[in-house]
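The structure under discussion appears below in the form of structure tokens.
The values are calculated or read from the model by the stated rules, or taken from the named source; none is laboratory data. As the structure is a prediction and not an experimental result, all values here were calculated from the model. Heads up, the Cβs are rebuilt from the backbone with ideal geometry, glycines too, and the neighbour counts pull from every protein chain shown. The protein model used for the area step is the full one, side chains on, heavy atoms only, and it has no ligands, DNA or RNA in it. Shrake-Rupley method; radii C 1.70, N 1.55, O 1.52, S 1.80 Å.
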Amino acid sequence: MSVHEHPAKVYPVHPQLKDSAVVKGLSEYQAMYEKSLADSDAFWADIAQRIDWFSPWHQVSQCDFSKAQVAWFLGAKLNVAHNCIDRHLKDKADQTAIIWEADDPADTRHISYRELHEEVCRAANALKAHGVQHGDRVCIYLPMIPELAYVMLACARIGAVHSIVFAGFSADALKDRILDCEAKVVVTADEGLRGGKAIGLKAITDQALEQTPCVSRLLVVRRTGAEVNMVAGRDCWYHEEVAKQRPTCPAAWVDAEDPLFILYTSGSTGKPKGVLHTSGGYITYASFTHQYVFDYRPGDIYFCAADIGWITGHSYIIYGPLANGATTIMFESTPLYPDAGRYWDVVERHKVNIFYTAPTAIRALAAEGDAFVKKYDRSSLRVMGTVGEPINPEAWGWYHDVVGDGRCAVVDTWWQTETGGIMITPQPGVNDMKPGSATLPFYGIEPVIVDEACNRQEDVEATGLLCMGRAWPGMARTVYGDHQRYVETYFSRVPGYYFTGDGCRRDKDGCYWITGRVDDVLNVSGHRLGTAEIEASINACDWIAESAVVGCHHDIKGTGIFAFVVLNRDNADHKDDFDAVFKTVREQVTADIGKIARPDHILISTGLPKTRSGKIMRRILRNIAKNEYEDMGNISTLADPSVVALLIEGHRKQFNS
Ligand code: PRX
């Protein structure tokens, strides 16, 4: 059932949260929201006081969407690592900054702010010793171990720019990302460990580095102790390098608009884009949203179960929580290891107050039954968030009723890699919750709905494309090395606005219901993948002439990947060898991108539905993948309309016979 068909059930604000939350009730939200839009610069200047600045700005903002120019806190100087660590030392030096929960549940480490400071300083000095300077790019390909936090904060400390690559990406994907940002130094581990299984990260990195002349140094963290090949003159052990360094390192004063990090994300065309975030606006926004959206209170134990390889981990495991002096959990394992009770075991053992995960994990755990949840004490929980894709009301209900025992606030947070932080979300104690709706805009955020012809929809109730009417401090500033791509992707489809790529509906209460991507981007388990990227990989298989990828329903992942493939004429005899084709395609995609992009289904066909100008009509393929054979709409513009009947016949035979 889609969110539209579902009767909108409303869960009123939990009274126990209303009196104690940071914002108390809807009218307080509304007053603050109106103020945030009425005099935006004054509002943000006030909010930015939560950050330590070495020197002040001379202008709060200079933003012009028509030129795709965005700058905040102009001329100000700060250091993000100082804000996340040093400033807490005077009263929180012995407080735990990071609880590291290793793959093995028996292995937990508490890292205080004092230790974090020392480790980050040593790492910063090690980077400097290997030639990393202000503005240089450092690529981090690490699993969820403390060194990942150390190295990213070390970059921030010396004004270097990190580019973290999710440790599930392949050698080829890693190579592309290293080359695009011309990283000088790469940091990896001997192996990663997830769910009891080792992943040979060093070996993958070695493969990637065969084609990356820009990299002069590879630092290797010892995680499992597995034997790895160290390349003389290039590779160094991380522990040996940091041991040589002093535990202090001055925090460099960087400009508010100096880059903090690049994070690659998929778009509808071409290779992944290097989304660039800068320092002052990003940390202000990450810190502000982390406090207000999760109703974070000093002393809370905060657990975001994302991976730091994605934006959620950047903003809400590291930067937002640490800027707020929180205790944040870094989780190395998977929700199913050693069994489906792992998250709740962590909640009980560490007395977690705030928990943040993705709908795909909620669905996977709900499918395992309630016993795994009920076995553990979850009475410490107060706020539970979700992010990454629309949450179906059934999963929302299970999360709220079973995990949260019906007494916790659930915040369905809508945002993107490019937005830097949460944009549309309920707030605990503020507004009623509607399962499936991200509800209301955050302070300073002006969502705008336009129709296909870019007309702004002024009525409260509206449906269309989701845009933003004004800039906010946390937004991305450019696509690294390709500002034109930034202009075209976000500011051209709807002139004068930031275009999100999402469709949405606004209900009579002004609540937003995100309906999903309107471009050729798939959201698989909350991970963004471009259909073009997957197709390019499939087409690289020797056997395959061409392919078209669309999304399809998947109970756990939300969206699954459905590939329609056409075999080369020379290999047409393989058409009956489905298993071999399926295996080849999945292996190719795993090698080019990573396991997350492997197709769930393939259909071998003799042709694709193309218009006379050669454009694939994906609408038809999406319908077929959904088992909707009847209403194909107008197919008269197809070069060969008979293809449709053949595809339907093939699909019916394979999936519905
Ligand atoms: O389609 C929206 C979906 O995820 C996209 C952004 O993906 P990414 O940049 O990888 O960032 C994910 C984590 C912030 C959006 O364009 N999305 C994200 N959160 C939600 C969502 N869709 C519906 N509801 C959400 N809460």
Thinking of the stretch 113-261 as a set of Cα atoms, what percent of all their pairs are more than 27 Å apart? 15 percent
Run the numbers for Thr108 and Ser216: contour at 0.36 nm per residue of separation, minus the present Cα-Cα distance, in nm. 35.5 nm
Give me the aspartates and glutamates in straight-line cross-link reach of Lys128: C-alpha distance below 16 Å, same-chain residues under 8 apart excluded. Glu118, Glu119, Asp136, Asp235, Glu240, Glu241
Highest mean first, how do 530-536, 405-411, 613-619 rank when packing is the count of other Cβ atoms within 10 Å averaged over residues? 530-536, 405-411, 613-619
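Quick check for you: with a 1.4 Å probe and neighbouring chains kept, what is the accessible area per residue of the stretch 113-261, in Å²?
Per residue, the stretch 113-261 has an accessible area of 36 Å².
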Would you mind telling me the share, in percent, of accessible area of the chain contributed by carbon and sulfur at probe 1.4 angstrom? 49 percent
Beta carbons within 10 angstrom, averaged per residue: use that to sort the peptides 97-105, 285-293, 36-44, 313-321, highest first. 313-321, 285-293, 97-105, 36-44
Which of Ala129, Tyr113, Ala208, positive extreme of dipole for the stretch 113-261 (C-beta unit charges): Tyr113
In nm, to one decimal, how far is the Asp509 label point from the Ala203 one, both placed 7 Å along Cα→Cβ? 5.4 nm
Output the peptides 503-515, 576-588 sorted from most to least packed, where packing is the average of other Cβ atoms within 10 Å over each peptide's residues. 503-515, 576-588
Dipole magnitude of the chain about its Cα centre, charges +1 at Lys/Arg Cβ and -1 at Asp/Glu Cβ only, in debye to the nearest 20? 660 debye
Under 5 Å between amide H atoms, partner at least 5 residues away or on a different chain: which partners does His14 have, H built in plane at 1.01 Å? Gly429
Of Lys90/Lys244; Lys175/Lys595; Lys271/Lys557; Lys197/Lys375; Lys351/Lys374; Lys615/Lys653, those spanning more than 20 Å from alpha-carbon to alpha-carbon: Lys90/Lys244; Lys271/Lys557; Lys197/Lys375; Lys615/Lys653
Once phi is turned into ³J(HN,Hα) by the Karplus curve 6.51 cos²θ - 1.76 cosθ + 1.60 with θ = phi - 60°, what whole-Hz value does each residue of the stretch 413-422 show in order, with x for glycine and proline? 9, 9, 6, 8, 3, 6, 8, x, x, 5
Taking a ≥ b ≥ c as the square roots of the Cα gyration tensor eigenvalues, with a/c under 1.5 meaning rounded and otherwise prolate when a/b beats b/c or oblate if not, the stretch 1-117 comes out oblate
Across the stretch 367-379, in residue order, what do the Karplus-derived ³J(HN,Hα) couplings come to in whole Hz, using 6.51 cos²θ - 1.76 cosθ + 1.60 with θ = phi - 60° and x for Gly and Pro? 5, 7, x, 7, 4, 4, 7, 5, 5, 10, 7, 10, 5
Which of the aspartates and glutamates could be linked to Lys583 by a straight reach, that is with a Cα gap under 15 Å, when you skip same-chain ones fewer than 8 residues away? Asp542, Asp592, Asp600
For the stretch 479-578, give the magnitude of the charge dipole about the Cα centre (Cβ charges: +1 Lys/Arg, -1 Asp/Glu; no others), in debye to the nearest 20. 620 debye
Please report the equivalent ellipsoid semi-axes of the stretch 337-460, computed as sqrt(5 x eigenvalue) of the Cα gyration tensor, largest first, in whole Å. 31, 15, 13
Normalised Cα Rg of the chain, dividing by 2.2 N^0.38 Å with N its residue count, works out at 0.94
Dmax and Rg, reported as Rg then Dmax, of the stretch 521-655 (C-alpha, Å): 14.1, 38
Around Cys181, under 13 Å between beta carbons, what's the net of Lys plus Arg minus Asp minus Glu among the other residues? +1
Go through Pro441, Thr489, Ser380 and say which Cα lies farthest out towards the positive end of the charge dipole of the stretch 366-519; charges sit on Cβ, +1 for Lys and Arg, -1 for Asp and Glu. Ser380
So how much slack lies between Lys583 and Lys375, counting 0.36 nm per residue of separation and subtracting their Cα-Cα distance, in nm? 70.9 nm
Relative contact order for the stretch 592-657: what percent, with Cα pairs under 8 Å and sequence separation of 6 or more? 39 percent
Setting aside same-chain residues fewer than 8 positions from Lys24, which lysines have a Cα under 21 Å from its Cα? Lys35, Lys434
